[in-house]
Amino acid sequence: MPPPTAKQTAIGMLSAALGRLEDKQFPVEIRGLAADMFDTLAPEMNLLNRVVLSNLWLTKPIVESQLAKGASTAALLRTTTALTVVNAGERDNVLPGRAEAQVNFRVQPGVTSDDVVKHTLLAVGESPIKVEKKPGFAEPSKVARTDAPGYQAIAKTLRQLHGDMVVAPSLMLGGTDARHFDDVADNVYRFSPVRAGASDLPRFHGTNERISTANYVEMIQFYFQLLRNVNADAKP
């Protein structure tokens, strides 16, 4: 004799809460690193895009709404929400008394884990759902400076190898081991000279993940030249 509504079962209540959380995403906003990136790229774009990105005081709502439509661009501008693990029940003829889920948030610089908990509670609303930080969670990494020697070395190396390439700061969307260097280095740059087009993005951590042999050669050339530049700058 199951309850007449989903609001009275653990799975029903959790499912409804997760649906509300997925529907109520963090707002998309051009600020911080994203703003720095567009400030750098705008002068190098065609006339229309240059005008639009150079006048964000006027065009910001339109630009944000357009960027929010793409997974990769939206992830640059907001803390992401991804429902990744759900556990409930053991038998098909027994209602579980407990259901739990794990939600992965890639927290944007300027946002804290406490902000994420507050946002989640507001999205879930009044319900018996409890929200807890998973052990091992991490706050956003520090933002590396663009006027520091490390950034300048990367930019110099890219221009040496690729002519008039435009170098701009951006946000690394994945979680990497670089975070372990935050306590021992003033600036940590998450950069890899990989050419990734729209068709390559779904392959990351997925089926047929690969780079071209030509890009592999470019990577070797980049790291070799970067080490030469850093070594030369370090000499008295």
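Results for (1) in a strand (DSSP E or B); (2) loosely packed, with under 13 Cβ neighbours inside 10 Å; (3) touching a helix residue (DSSP H, G or I) at 6+ places or on another chain (Cβ under 9 Å); (4) aromatic (Phe, Trp, Tyr), shown as yes or no for each residue.
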residue	(1), (2), (3), (4)
Gln102	yes, yes, no, no
Phe105	yes, no, yes, yes
Pro109	no, no, yes, no
Asp114	no, yes, no, no
Val117	no, no, no, no
Leu122	no, yes, no, no
Glu126	no, yes, no, no
Lys133	no, yes, yes, no
Gly136	no, yes, no, no
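Conditions (1) small (Gly, Ala, Ser); (2) out of contact with any Ser or Thr (no Cβ under 6 Å at 6 or more places or on another chain); (3) farther than 21 Å from Asp36 by Cα, marked per residue:
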residue: Gly136; (1), (2), (3): yes, yes, yes
residue: Pro140; (1), (2), (3): no, yes, no
residue: Thr146; (1), (2), (3): no, yes, no
residue: Pro169; (1), (2), (3): no, no, no
residue: Asp183; (1), (2), (3): no, yes, yes
residue: Ser192; (1), (2), (3): yes, yes, no
### Message
Being out of contact with any helix residue (DSSP H, G or I) (no Cβ under 8 Å at 6 or more places or on another chain), touching a residue at least 12 places away in the same chain (Cβ under 8 Å) and over 22 Å from Phe137 (Cβ atoms): is that true of Asn215 here?
### Response
yes
### Message
Checking Ala75 against (1) crowded, with 16+ Cβ neighbours inside 10 Å; (2) among the hydrophobic types (A, V, I, L, M, F, W, C); (3) at pLDDT 95 or above, only one condition comes out false. Which one?
### Response
(3)
## Note on the structure
Checking Leu21, Leu83, Leu47, Leu14 in turn, the sole residue that is buried (at least 17 other Cβ atoms within 10 Å of the Cβ) and within 30 Å of Ser199 (Cα to Cα) turns out to be Leu21
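Does Val52 fit the bill of being in contact with a Ser or Thr (Cβ under 7 Å, 6 or more places away or on another chain) and assigned to a helix (DSSP H, G or I)?
When the stated conditions are applied, Val52 passes them.
Return the only residue of Ala214, Ala155 being of a type in the set (A, V, I, L, M, F, W, C) and farther than 28 Å from Arg31 by Cβ.
That would be Ala214, the only listed residue that is of a type in the set (A, V, I, L, M, F, W, C) and farther than 28 Å from Arg31 by Cβ.
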### Sole residue being out of contact with any Pro (no Cβ under 7 Å at 6 or more places or on another chain), of a type outside the set (Phe, Trp, Tyr) and in contact (Cβ under 8 Å) with a residue 24 or more places away in the chain, chosen from Val116, Val94, Val85, Val107
Val116
### Task
Tell me which residues, restricted to region 1-11, are surrounded by 13 or more Cβ atoms within 10 Å (Cβ to Cβ) and in contact (Cβ under 8 Å) with a residue 24 or more places away in the chain.
Thr9, Ala10, Ile11
### Task
Provide a single number: the residues in region 87-100 that are exposed (fewer than 13 other Cβ atoms within 10 Å of the Cβ) and part of a loop (DSSP other than H, G, I, E, B).
7
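The values are calculated or read from the model by the stated rules, or taken from the named source; none is laboratory data. Computed from a prediction, not measured in an experiment: that's the story for all the values here. Don't worry about glycine lacking a Cβ; one is built from the backbone with ideal geometry, like all the others, and counts go over all protein chains shown.
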